[in-house]
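K.L.:
This is the structure I want to talk about, given as structure tokens.
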Amino acid sequence: MTDKNASNWIDVTVPLKEGMAIWPGDVKIQIERRRSMDRGDAANNSAISLGVHTGTHMDAPKHFIKDGQSIDKLPFYTSVGPARVIEIKDKVSIKPAELKQHNIKKGERILFKTVNSPRCWQIDEFVNDFVYITRDAAQFLVDAGVILVGVDYLSVGSPLDPEKALRPDTHQILLGAGLYLIEGLNLTAAKAGNYNLICLPLKLVDAEGSPVRAILQPV
């Protein structure tokens, strides 16, 4: 029997491929077909090499917090369950003033859709002026009691932050509160609203992050 809801799921994962945009200085993704039926081998067999923060991925607190939880300690309920996609109008950053309009509640999983989704993922070069979460907005989310934050490019914080060395940045505020983060989503096909979220990382022992497959189902 075909599940009538099966076609409702939206894949918000960025495809992994060689040459795709990565964080500056990160490991370039390599996909090697080591054995190939086209070359006469009995089976196809591939190997991959990539950083754990490649494409759509999750950050565990350990990414910026020395004694923080690693990705293999992720509780399933953190990234599986009801989630809300909030569309951000600001084309520079996510700020508290705009967040206050959305009545964010304790226990919510919040995914931010910005101009990053249709803009940044159209090219394979890194885009350094992506929409990010400001420190004040990060603290707002922590104070609101959310359990998961997702963004639609490779970082929750800005790479162009001259005060980064002087004050805790967005990552440290969110991860320091024990949150897990999803970065690198492509929410182009997801309208603002409520969804069921399934997003699970690889069980990489003691790692600070992992690639994920993330899907949404409208409710």
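The values are calculated or read from the model by the stated rules, or taken from the named source; none is laboratory data. Keep in mind the model is a prediction, meaning the values are calculated, not measured. Cβ atoms come from the backbone with ideal geometry, glycine included; neighbour counts cover every protein chain shown.
K.L.:
In this structure, is G55 surrounded by 14 or more Cβ atoms within 10 Å (Cβ to Cβ), on the phi > 0 side of the Ramachandran plot, within 13 Å of the chain's Cα centre (by Cα) and at pLDDT 95 or above?
P.N.:
Values: surrounded by 14 or more Cβ atoms within 10 Å (Cβ to Cβ): yes; on the phi > 0 side of the Ramachandran plot: yes; within 13 Å of the chain's Cα centre (by Cα): yes; at pLDDT 95 or above: yes.
So G55 passes the test.
K.L.:
Ok, one more. Go through (1) within 18 Å of P96 (Cα to Cα); (2) out of contact with any Asp or Glu (no Cβ under 6 Å at 6 or more places or on another chain); (3) at pLDDT 95 or above; (4) assigned to a loop (DSSP other than H, G, I, E, B) for I123 and report which single condition fails.
P.N.:
(1)
K.L.:
For K100, only one of the following conditions fails: (1) more than 19 Å from R213 (Cα to Cα); (2) assigned to a loop (DSSP other than H, G, I, E, B). What is its number?
P.N.:
Tallying (1) more than 19 Å from R213 (Cα to Cα); (2) assigned to a loop (DSSP other than H, G, I, E, B), K100 fails exactly one: (2).
K.L.:
Follow-up. In the set I94, I88, I48, I22, which member is within 21 Å of N186 (Cβ to Cβ), of a type outside the set (D, E) and surrounded by fewer than 17 Cβ atoms within 10 Å (Cβ to Cβ)? Spell out how you get there, then give the answer.
P.N.:
Working: I94 fails: surrounded by fewer than 17 Cβ atoms within 10 Å (Cβ to Cβ); I88 fails: surrounded by fewer than 17 Cβ atoms within 10 Å (Cβ to Cβ); I22 fails: surrounded by fewer than 17 Cβ atoms within 10 Å (Cβ to Cβ).
So the residue among I94, I88, I48, I22 that is within 21 Å of N186 (Cβ to Cβ), of a type outside the set (D, E) and surrounded by fewer than 17 Cβ atoms within 10 Å (Cβ to Cβ) is I48.
Quick grid of which residues meet (1) under 17 Å from the mean Cα position of the chain (by Cα); (2) touching a residue at least 40 places away in the same chain (Cβ under 8 Å); (3) more than 17 Å from V212 (Cα to Cα):
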residue	(1), (2), (3)
S70	yes, yes, no
I86	yes, yes, yes
K91	no, yes, yes
P96	no, yes, yes
G107	no, yes, yes
L141	yes, yes, yes
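K.L.:
What do you reckon, is A42 loosely packed, with under 13 Cβ neighbours inside 10 Å and either part of a loop (DSSP other than H, G, I, E, B) or more than 17 Å from the chain's Cα centre (by Cα) (or both)? Can you show your working first?
P.N.:
Working: loosely packed, with under 13 Cβ neighbours inside 10 Å: yes; either part of a loop (DSSP other than H, G, I, E, B) or more than 17 Å from the chain's Cα centre (by Cα) (or both): yes.
Judged against the criteria, A42 is a match.
K.L.:
Still on this structure: What about L154, is it buried (at least 16 other Cβ atoms within 10 Å of the Cβ), at pLDDT 95 or above and not in a loop (DSSP other than H, G, I, E, B)?
P.N.:
Numbers: buried (at least 16 other Cβ atoms within 10 Å of the Cβ): yes; at pLDDT 95 or above: yes; not in a loop (DSSP other than H, G, I, E, B): no.
So L154 does not fit the description; no.
K.L.:
Further question: Being at pLDDT 95 or above and hydroxyl-bearing (S, T, Y) is the filter here; which residues of the stretch 1-35 pass it?
P.N.:
Of everything in the stretch 1-35, just one residue is at pLDDT 95 or above and hydroxyl-bearing (S, T, Y), namely T13.
K.L.:
Is it the case that V14 is closer than 22 Å to D124 by Cα and surrounded by 16 or more Cβ atoms within 10 Å (Cβ to Cβ)?
P.N.:
On the way: closer than 22 Å to D124 by Cα: yes; surrounded by 16 or more Cβ atoms within 10 Å (Cβ to Cβ): yes.
Considered against the rule, which asks whether it is closer than 22 Å to D124 by Cα and surrounded by 16 or more Cβ atoms within 10 Å (Cβ to Cβ), V14 comes out as yes.
K.L.:
Could you say whether any residue in the stretch 63-77 is crowded, with 19+ Cβ neighbours inside 10 Å, out of contact with any Cys (no Cβ under 7 Å at 6 or more places or on another chain) and not in a loop (DSSP other than H, G, I, E, B)?
P.N.:
Looking for residues that are crowded, with 19+ Cβ neighbours inside 10 Å, out of contact with any Cys (no Cβ under 7 Å at 6 or more places or on another chain) and not in a loop (DSSP other than H, G, I, E, B), one finds at least one in the stretch 63-77, hence yes.
K.L.:
Just a yes or no: is a residue in the stretch 188-208 modelled with pLDDT under 95, more than 17 Å from P82 (Cβ to Cβ) and of a type in the set (D, E)?
P.N.:
no
K.L.:
Then there is this: Answer yes or no: is there a residue in the stretch 204-219 that is part of a loop (DSSP other than H, G, I, E, B), among the small types (G, A, S), buried (at least 21 other Cβ atoms within 10 Å of the Cβ) and touching a His at 6+ places or on another chain (Cβ under 7 Å). I'd like the intermediate steps shown before the answer.
P.N.:
Residues of the stretch 204-219 part of a loop (DSSP other than H, G, I, E, B): 204-208, 219.
Those still in the list that are among the small types (G, A, S) too: 207.
Those left that are additionally buried (at least 21 other Cβ atoms within 10 Å of the Cβ): none.
No, because not a single residue in the stretch 204-219 is part of a loop (DSSP other than H, G, I, E, B), among the small types (G, A, S), buried (at least 21 other Cβ atoms within 10 Å of the Cβ) and touching a His at 6+ places or on another chain (Cβ under 7 Å).
K.L.:
Is one or more of the residues making up the stretch 114-125 of a type outside the set (S, T, Y) and touching a helix residue (DSSP H, G or I) at 6+ places or on another chain (Cβ under 9 Å)?
P.N.:
Among the residues of the stretch 114-125, not one is of a type outside the set (S, T, Y) and touching a helix residue (DSSP H, G or I) at 6+ places or on another chain (Cβ under 9 Å), which makes the answer no.
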